[in-house]
Amino acid sequence: MLVVSSVIGVGIFLTPGAIAEALPHPGMFLLAWLVGGLLSLTGALANAELGAMFPHAGGDYVYLREAWHPAAGFAIGWLSFFVIYAGTIATLAVGFADGIGDAAAMDASARTAIAVAITLGASLVNYRGVRLGAFVNNVTAVAKIAALAALALIGPLLGGGEFANLRPLLARAGDVSLASFGLALSPVLFSYLGWNASVFVASEVRDAERNIPRSLFLGLAICMAIYLLLNVAYLHALPIDVLRGDSRAGESAARVFFGDTGAAITSVLILVSVVSCLNATILVGPRIVYAMALDGLFPPAVSAVHRRFQTPHVAIVVQALTATALIVLLRRFPSVLDYTTFAIVLATIADTAALYALRRRRPQQARPYRAWGYPVVPGMYLLANVAIAVTMLQARPLECLVALAVAATAAPAYLVLTHRRSAT
């Protein structure tokens, strides 16, 4: 449920219109969602081996530290925390605020205030206890799965829309350029972000060597099934030309199926889904800098655990403040999305490369799970992500360069922190 909550958030409701804009072909539109899921699955194969090998808090930070050097782990931990997780929180919060703001005709400053408020509120929930955060996660995840399945399966049965909208499913697919397909994968991959959530909290998972791989594969399978069903339903309700550029695809499809009442219900479902994903992301992210602080690679206070609530409360506060700054600086939803997705691509390239390094350097280490298809499947994953990174740099240079600039600040930060550690 942590994986499902982390993955299914605002993306599936808001990004299909942008994907249809890049891929105005029903078959290629659906293929992008399938490829994005399969790419995430190939990444999960690598992370399942790494997570079972090192069932500790911190995820990518731990893998690169063990594969190469603490500096490499620090760099990816810095990128993951300050760009990927803080950026995702900002994106979800902005999406939530836009949903409220559109309904109430609020101006930009009011929307920013709502985005900040929901970020701080969800952070407070996780500040006050892992059990409380997990309870909110499980309840909202189950409700979300049931509601989305109902929208995808019941909606088309009520007569709105038509399956003819899915044609041409295969014909003229060659008209879509490879560059367009690569660009469309940016919002798709964002919508799958969170599939590796359980590896970051591995130290708090029972029988992690067995359950981490299971959580990744089962969680992703549920998400892929829901995403494909929902996008078929979207196309059933809306011809691809109508779907293009629609920033509220979920509401538009529900209006076709259920009328204005359905659209209103879907609006509420979107907000619940966003809150669920936001809560899960806030639960996971602080474990990165918490693990770094335990190793002396972040201010020692960040490793503190609250005496009463037993949570990494300082790390949660640092994450909330970072996400708040991003909300203020990067207000437009697409801007934050590309900033975050580019960092995701870099991080997944790094942790998959760590799998190869560890296979070579530590061949005798126990591996409760071994990545299927090694070395071919992880290699294909590496090449695909490199291609996506190049495409994004060409198409969204500003957002990508901002992400790289934030990543570059890891170098001086590492030097300062290691100097302080050696001095003490």
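Brief remarks on what is shown
- Selection status of Leu401, under 21 Å from Leu92 (Cα atoms) and surrounded by fewer than 20 Cβ atoms within 10 Å (Cβ to Cβ): no
- Pairs where the first residue, in the stretch 72-95, is more than 19 Å from Ala357 (Cβ to Cβ) and in contact (Cβ under 8 Å) with a residue 40 or more places away in the chain and the second is of a type in the set (Lys, Arg) and surrounded by fewer than 24 Cβ atoms within 10 Å (Cβ to Cβ), C-beta under 7 Å, 6+ apart: Val94/Arg331
- Here Ser276 fulfils each of the conditions (1) polar (S, T, N, Q); (2) at pLDDT 90 or above; (3) buried (at least 23 other Cβ atoms within 10 Å of the Cβ) apart from (2).
- Of the helices (runs of 4 or more DSSP H) that lie entirely inside the stretch 296-413, those containing 3 or more residues that are under 21 Å from Ala44 (Cα atoms) span 333-361, 376-395.
- Residues within the stretch 108-123 that are closer than 16 Å to Leu271 by Cβ and hydroxyl-bearing (Ser, Thr, Tyr), tallied: 1
- Filter pass, Leu169 being of a type in the set (A, V, I, L, M, F, W, C) and buried (at least 24 other Cβ atoms within 10 Å of the Cβ): no
- Selection from the stretch 178-198 of residues that are of a type in the set (Gly, Ala, Ser) and either assigned to a helix (DSSP H, G or I) or surrounded by fewer than 24 Cβ atoms within 10 Å (Cβ to Cβ) (or both): Ala179, Ser180, Gly182, Ala184, Ser186, Ser191, Ala197, Ser198
- Number of the exception - Val3 against (1) modelled with pLDDT under 90; (2) within 13 Å of the chain's Cα centre (by Cα): (1)
- For the stretch 377-424, residues that are in contact (Cβ under 8 Å) with a residue 24 or more places away in the chain, hydrophobic (A, V, I, L, M, F, W, C) and either in contact with a Pro (Cβ under 9 Å, 6 or more places away or on another chain) or under 21 Å from Gly296 (Cα atoms) (or both) total 6.
- Sub-8 Å Cβ pairs linking a first residue in the stretch 130-148 that is under 27 Å from Arg307 (Cβ atoms) and at pLDDT below 85 to a second residue that is surrounded by fewer than 19 Cβ atoms within 10 Å (Cβ to Cβ) and not basic (Lys, Arg), at least 6 apart or interchain, are Val130/Glu204; Val130/Gln310, ordered by first then second residue.
- Subset of the stretch 55-108 [surrounded by fewer than 24 Cβ atoms within 10 Å (Cβ to Cβ), modelled with pLDDT of 85 or more and assigned to a loop (DSSP other than H, G, I, E, B)]: Pro55, His56, Trp68, His69, Met106, Asp107
- Selected residue [surrounded by 17 or more Cβ atoms within 10 Å (Cβ to Cβ) and either in contact with a helix residue (DSSP H, G or I) (Cβ under 7 Å, 6 or more places away or on another chain) or under 30 Å from Val130 (Cα atoms) (or both)] from Ala395, Ala387, Ala347, Ala325: Ala347
- Filtered residues of the stretch 109-133 (kept if surrounded by fewer than 19 Cβ atoms within 10 Å (Cβ to Cβ) and small (Gly, Ala, Ser)): Ser109, Ala110, Ala113, Ala117, Gly121, Gly129
- When Tyr234 is tested against (1) within 22 Å of Asp60 (Cβ to Cβ); (2) among the hydroxyl-bearing types (Ser, Thr, Tyr); (3) surrounded by 24 or more Cβ atoms within 10 Å (Cβ to Cβ), exactly one condition is not met: (1).
- Checked against (1) under 30 Å from Arg255 (Cβ atoms); (2) more than 19 Å from the chain's Cα centre (by Cα); (3) part of a helix (DSSP H, G or I), Glu49 passes all but a single condition, namely (1).
- Output for the stretch 20-39, where each listed residue is among the aliphatic types (A, V, I, L, M) and over 9 Å from Phe181 (Cα atoms): Ala20, Leu30, Leu31, Leu34, Val35, Leu38, Leu39
The values are calculated or read from the model by the stated rules, or taken from the named source; none is laboratory data. Not measured: the values here are computed from a predicted model. Quick reminder, even Gly has a Cβ in these numbers, built from the backbone with ideal geometry, and neighbours come from all protein chains shown.
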